Amino acid sequence: MPLSSPKPAGHPPTTVTCGAGGSYWLTTTADAPAYGRSLPETVDVAVVGGGIVGATTALLLQRSGATTALIDAGRIGAGTTGATTAKVSALQATVYSELTRSHGPDVAAAYARANSGALSWMRQLVSEEEIACDWEDRPAVTYVTQPDRRELIEQELGAARTAGLDVEEDWSLALPFGAAAGITLPGQAQFHPRRYVLALTDAFVAAGGTVTEDARVLGVDSSGDGCVVETAGGRLRADQVVLATHYPLLDRGLFFARLKVERSYVVGVAVDAGSPKLPEGMLYADEQPSRSLRTAPLGDGRELVLVGGAGHHTGRSDTTGRYEELTAWAGRHFPGAPVVGRWSAQDPTASDGLPYAGEVPFGDGRIWTVTGLRKWGMTNGTAAAHVISAALSGETHPWQQAFGSLGTQLRRGASSLIKENATIGMRLTTDRARSRIPPRTAASLRPGEGAIVRHGARFAAGYRDESGELTLVSPACTHLGCELRFNDAERSWDCPCHASRFAVDGTVLEGPATRDLEPVDP
């Protein structure tokens, strides 16, 4: 099975497939058929974003009778969904004790029902549609290695049981990795997320839906009769629009001020199938540094062990060191196992801790979005798709209670929101002060290096590739003007304020920014 990174012609550069083979989910679906760039003129609903949320929402809407278009800025399933660890689980670190403290036991129970229900729906769909996505039932384990954190596990055990989950006080599957305490939830699952999303998209097309790739959405105008969706390749009219872009691309509602965004990393090592330390479940160490473990079949007598963690705020930390940290940890537990892939993703969490699935403010009741999935997008995203699909039909889905509102974010997440935005405000002030300090020059950049440099009378984000060619672009994020930081592991420019990311040539990789960086003449 090949492990070389795909580089489809005509597609913008991507950094979720960086290093040593890149994302396994993408390298093993490199030959996925392209859907083309043509847009329909008019549909009932336009779904923007072709990940698990968008593909599920589009399928549900099309099957309910709404003419639906699915639009993606790149390739279907090749964004955050193509960079996840793809655990399908209602046990998510220590979420139930957190939600019980902040929102009460009723909301925690609703969250458990939504995530368990989404898992059951996915399992049934895989069976009914005979989706070849390496679906494997596995127990999920949350554990700690530090004895003084046992109380955290005891609290989660009680909260999860109160929420209705059949968790067990059992950490035996995590003992090879130093577990001192833990809980287990049987009957969860792991799978190949891009094969799953591609199969959903095929089913959506078979039901009469249309798919457009390589069409970055630049804006949505809802001021007239219906909505006009503006893309890089043309316009589309729709009665309703669903923004399933992970991070809302519209600033209405100030979502960028309500979300905290973190990058996290994965290293994949190939381990002999008979290894006694091969994880038999999906493991998560809820501590600092956190560790996530799961396996995936390589089909050659080996299993791919995904070692994840090392998260940090986007644009605010060294990145190469994060991969080195995970590689060293994998080497200690699986000595001699080669690294065959490494990749990263980023995830927003709402200030009140609950995912959001609902209307976009000032969207005239026609624009909807899903965001803040807490790094557990497989079940939260699937549940959100059901909630949004029901809302578009004028109904309230039973899982709605598991999703927050903009009001609860302001009330319950006020302290977190204030702290995060104060940090961003200080960063903006610091950046402007730094702009008066002469930085290094473009000529000083070594091959493979990027930095904010002085270029004549102005500043630029400069990158020199391995052949020595210099690329200069504007150093200010096109969202709100924060100074960008160079991500040395993934060769990208990352915004430390609201997590937009750009390729070294200025192409938008992730929002909320929708406009590329302007080039600077060498």
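The values are calculated or read from the model by the stated rules, or taken from the named source; none is laboratory data. Predicted, not measured: the structure shown is a model, and the values here were computed from it. In this analysis, Cβ positions are derived from the backbone assuming ideal geometry, glycine residues included, and neighbour counts consider all displayed protein chains. When the accessible area is computed, the model is the full protein with side chains, heavy atoms only, and any ligands, DNA or RNA have been set aside. Shrake-Rupley method; radii C 1.70, N 1.55, O 1.52, S 1.80 Å.
Each residue of the stretch 446-460 was assigned a 3J(HN,Hα) from its phi angle through the Karplus curve 6.51 cos²θ - 1.76 cosθ + 1.60 (θ = phi - 60°); the sequence is 8, x, x, 10, x, 6, 6, 10, 8, 9, x, 8, 10, 9, 8 Hz, with glycine and proline shown as x.
When peptides 47-55, 281-289 are sorted by average Cβ neighbour count within 10 Å, with the highest value leading, the order is 47-55, 281-289.
Rounded to the nearest 0.05, the FRET efficiency derived from the C-beta distance between Leu218 and Glu395 at R0 = 35 Å is 0.65. The slack in the chain from Glu151 to Asp137, taken as 0.36 nm per residue of separation less the alpha-carbon distance, amounts to 2.2 nm. Within the stretch 37-196, all pairs of alpha-carbon atoms sorted by distance into 5 Å bins from zero give the percentages 2, 9, 14, 16, 16, 15, 12, 8, 5, 3, 2, 0, 0. The packing ranking, built from the mean of other Cβ atoms within 10 Å per residue, places the peptides 130-143, 391-404 in the order 130-143, 391-404, highest first. Here the stretch 81-208 exposes an accessible surface that is 47 percent carbon and sulfur, computed with a 1.4 Å probe and the other protein chains kept in place.
The count of lysine pairs in the chain with alpha-carbon distances below 27 Å, taking only pairs 8 or more places apart or on different chains, stands at 9.
Between Leu175 and Ser38, the modelled label-to-label distance comes to 6.1 nm, taking each label 7 Å out from Cα in the direction of the beta carbon. Karplus-based coupling profile of the stretch 284-295, in residue order and whole Hz: 9, 8, 8, 7, 10, x, 6, 9, 10, 9, 7, 10, with θ = phi - 60° in 6.51 cos²θ - 1.76 cosθ + 1.60 and x standing for Gly or Pro. Straightening the chain between Thr67 and Glu130 buys 20.2 nm, computed as 0.36 nm per residue apart minus the Cα-Cα spacing. Taking amide H atoms as placed 1.01 Å from N in the peptide plane, the amide H of Val520 lies under 5 Å from those of Leu472, Val473, Ser474, each 5 or more residues away in sequence or on another chain.
Grab the beta carbon distance between Asp364 and Asp272, set R0 = 41 Å, and tell me the FRET efficiency rounded to 0.05. Computed FRET efficiency for Asp364 and Asp272: 0.10.
What the Cα convex hull of the chain gives, in volume per residue, is 147 Å³.
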